[in-house]
Amino acid sequence: MQEYLPLLPHIKSPEDLKRFSVAELTCLAKEIRSLIIDTVSHNGGHLASNLGVVELTLALHKVFATPDDKIIWDVGHQCYTHKILTGRQEAFPSIRQRSGIAGFPKTSESPHDCFNTGHASTSISAALGMLTAEKLQAAPNRVVAVIGDGALTGGLSYEALSHAGQMQLPLIVILNDNNMSIGPNVGALSQHLSRLSMKARYQQVRRAIDSFVKNIPGAGNILFKIMLRLKRAVKAVFYTDNFFVDLGFEYVGPIEGHDIPLLIRVITDARNLNKPVVIHVKTQKGKGFRFAEDDPGTYHGVQAFSPEDGISKTPSGKPSGRTFTQAFGKALVAIAERDNRVTAITAAMEGGTGLSAFKKAFPTRFFDVGIAEGHAVTFAAGLAAQGMRPVVALYSTFIQRAVDQVIHDVCLQNLPVTFALDRAGLVAADGETHQGIYDISIFRSVPNMAILAPASERELALMLEWALSDLRCAVHPGPLLIRYPKASCPDDAFEPFALPLEYGRGIWMQRAASLHDRGSRGNVCIAFTGSLYEQVSEAADILAAQGIQADLYNLRFLKPIDERYLADCMSRYSLVVFAEEGRSSGGFAEYAATLALNLDCQVLVLGVQEQFEAQGSREDLLSCNGLDAKGIAARISAVV
Ligand SMILES: Cc1ncc(C[n+]2csc(CCOP(=O)(O)OP(=O)(O)O)c2C)c(N)n1
């Protein structure tokens, strides 16, 4: 038997692909899948989406010549094969790790990554912009946007399609349709795509007609006109509603997305067209890894797992308790059982935001609107305007998409919408695009908004209960935002966590230092946002070992603040430290420092520094920003 020699080591750049036969590309696809499964099983990452686009990526790189031609990956989570083919094979095992290559396209990493992505639905806009630039610069390069059926639920993609249809530049949009967003895709467009798939027969007939005409010798203008008429007639029979055609695109598909020769043929045809085209490709999410094929939702984004059984490897060290996400989901179900005004809204992140149990328990009060954060917020505003109590559960990073809706549709009308912001703070592994560090700075400045940050499961439940109660609507009738990190909840047994909420005030977790003489080494207070509870507690222990006693004030409210109370508290200390898991510029701490202007007390502001925060574990990221226990203690003892 002949020994199988791997092909992957011969791929140094996508140019090397050009000489590969279809049979070799098929073998290469297998090798790439193994590499992806092996690497993601160690590092975690986006598994199922990447396994689904191996052949598509090979075909794209076979037909186009990056970096001159441009491929923009929507969301970008499916770019692993692209990275492997574009000079990053050796670095691939470091993907998503601190100092390793990114899990998303990154222009600073390679000229083959022509545009950074991470948030969904940007690819068509960016591709159209690039293509327009190419035209203005009289450059001949082609631009391709690869967008999933999930990302296509995002409104930005419709704005871009509409503009592209009007411009009629030869933009190529590859619609990677696997019927899935993270979970099953939702919305009327998803149904439209299914109908298009059923009309695939139209394409077969059309191709048959094309080849029939091509084979007639001397087929000139007349035949071409007849062919066009025939095509229209066939369209009229089989194919009356096609959204993309109506917008001015040529439409091809749906085609089988794992058939390499077919993909190469169709993409080559599209490259030669002189108008915008959508190629509708059907792929299987998780292809080639049994567990991911069976359950693509679970394997969309994974922690390290065992490739043999697909089971997640739990990190060693301390046992992980309930996460804030799980705590939120559980608390919301309990409240909704008693109050049928409570509704939950997610933007394609049902599992990620902990809403699966809610969906199961209250299917009519649960709404997954697709990747449509702006709509989610205004939809909630409508619900609230009619007396419902909507909870919009989003990741902090994705609410950035809906800032105007929060301000214009919710805050301005002072509507009682509750925002549950998950992944608020430093977020591991996904890098710059997914950090949840701007929400405090953005929303603190908006009138009517209240911002709360729990430090524990009990506090989160308490805050949610309060947020949805009539009592709170009497005190604070408008919007309210509860932010919590992607982390396990700390041990909750500590008494103060159960103390009822006092509007605008926090709670003392440790209070002895205020009794010390002002100016003495022991006269320090650390006021912190909930997610840093464990870090500041440990910092206080480190400081205690150095003879510095620090009180701990859990802020609970980041807005509004009982300013008089806080200023009075601050006046008892010679040093007040504000520790905040968010950008320090424009954040809570900076504002709180202004309260100390007329006090005889020094203020230290600790927060996330001015830079886009790259990937790493949460611990790494906290440490880089001086927000881990050691960093906090070191900064304090340096000042003391
Ligand atoms: C604005 C925004 N909201 C939510 C997400 C989270 N998210 C990442 S991938 C994804 C699903 C994308 O589905 P699709 O485009 O079909 O790609 P697939 O993973 O199915 O290949 C979602 C919701 C995001 N990246 N951006």
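The values are calculated or read from the model by the stated rules, or taken from the named source; none is laboratory data. Remember, predicted model here, so these are calculated numbers, not experimental data. Every residue, glycine as well, gets a Cβ built from its backbone with ideal geometry; the counts of neighbours run over all protein chains shown.
Go through segment 381-401 and report how many residues are within 28 Å of D430 (Cα to Cα), in a helix (DSSP H, G or I) and more than 9 Å from the ligand (Cβ to nearest atom).
Quick first cut of segment 381-401, residues within 28 Å of D430 (Cα to Cα) only: 391-401.
In the following step, the residues that additionally are in a helix (DSSP H, G or I) were identified as 396-401.
If we keep only those that are more than 9 Å from the ligand (Cβ to nearest atom) as well, we get 396, 399.
Residues meeting the conditions: 2.
Does E590 fit the bill of being surrounded by 24 or more Cβ atoms within 10 Å (Cβ to Cβ), under 29 Å from the mean Cα position of the chain (by Cα) and charged (D, E, K, R)? So E590 does not fit the description; no. Residues of segment 308-358 that are assigned to a loop (DSSP other than H, G, I, E, B), away from the ligand (no atom under 16 Å from the Cβ) and at pLDDT 95 or above: D339, N340, R341. Filter segment 160-186 for residues that are buried (at least 24 other Cβ atoms within 10 Å of the Cβ) and near the ligand (Cβ under 9 Å from one of its atoms) and give the result. Listed by number, the residues that qualify are N176, D177, S181, N185. Just wondering, is there one or more residues in segment 386-393 that are within 12 Å of M349 (Cα to Cα) and either free of Cβ contacts under 8 Å to residues at least 24 places away in the same chain or among the charged types (D, E, K, R) (or both)? So far as segment 386-393 goes, no, none of its residues is within 12 Å of M349 (Cα to Cα) and either free of Cβ contacts under 8 Å to residues at least 24 places away in the same chain or among the charged types (D, E, K, R) (or both). Of all residues in segment 593-627, those satisfying the criterion of being aliphatic (A, V, I, L, M) and either in contact with an Asp or Glu (Cβ under 9 Å, 6 or more places away or on another chain) or over 27 Å from L421 (Cα atoms) (or both) are L595, A596, L597, L599, V603, V605, L606, V608, A614, L621, L622, L627.
Here N598 meets each of (1) modelled with pLDDT under 90; (2) touching a strand residue (DSSP E or B) at 6+ places or on another chain (Cβ under 6 Å) with one exception, condition (2).
Listed here are the residues, each with its yes/no results for (1) assigned by TED's automatic domain parsing to the domain that holds A450; (2) touching a helix residue (DSSP H, G or I) at 6+ places or on another chain (Cβ under 6 Å); (3) not aliphatic (A, V, I, L, M).
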residue: R511; (1), (2), (3): no, no, yes
residue: A527; (1), (2), (3): no, no, no
residue: G582; (1), (2), (3): no, yes, yes
residue: A589; (1), (2), (3): no, no, no
residue: A596; (1), (2), (3): no, yes, no
residue: G607; (1), (2), (3): no, yes, yes
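Just so you know, in segment 275-305 the residues that are out of contact with any Phe, Trp or Tyr (no Cβ under 6 Å at 6 or more places or on another chain) and assigned to a helix (DSSP H, G or I) include one that is nearest to the ligand (Cβ to nearest atom), and it is E293.
Among the conditions (1) surrounded by fewer than 18 Cβ atoms within 10 Å (Cβ to Cβ); (2) closer than 17 Å to V54 by Cα, the only one that P93 does not satisfy is (2).
A single member of R88, R98 is modelled with pLDDT under 95 and of a type in the set (D, E, K, R), and it is R98. The selection criterion, being more than 27 Å from T433 (Cβ to Cβ) and within 30 Å of the chain's Cα centre (by Cα), holds for K30. Annotation: of all residues in segment 107-158 being more than 15 Å from the ligand (Cβ to nearest atom) and under 17 Å from D430 (Cα atoms), the one that is surrounded by the fewest Cβ atoms within 10 Å (Cβ to Cβ) is S108.
When you look at S41, is it modelled with pLDDT of 95 or more and crowded, with 20+ Cβ neighbours inside 10 Å, yes or no?
Numbers: modelled with pLDDT of 95 or more: yes; crowded, with 20+ Cβ neighbours inside 10 Å: yes.
Yes, satisfied.
Against the criterion of being assigned to a helix (DSSP H, G or I) and surrounded by fewer than 23 Cβ atoms within 10 Å (Cβ to Cβ), K12 does not qualify.
From the list A138, A91, A120, A133, the one residue that fits, being among the small types (G, A, S) and touching a residue at least 40 places away in the same chain (Cβ under 8 Å), is A120. Residue count for segment 255-274, restricted to those that are part of a loop (DSSP other than H, G, I, E, B), at pLDDT 95 or above and farther than 22 Å from V75 by Cα: 1.
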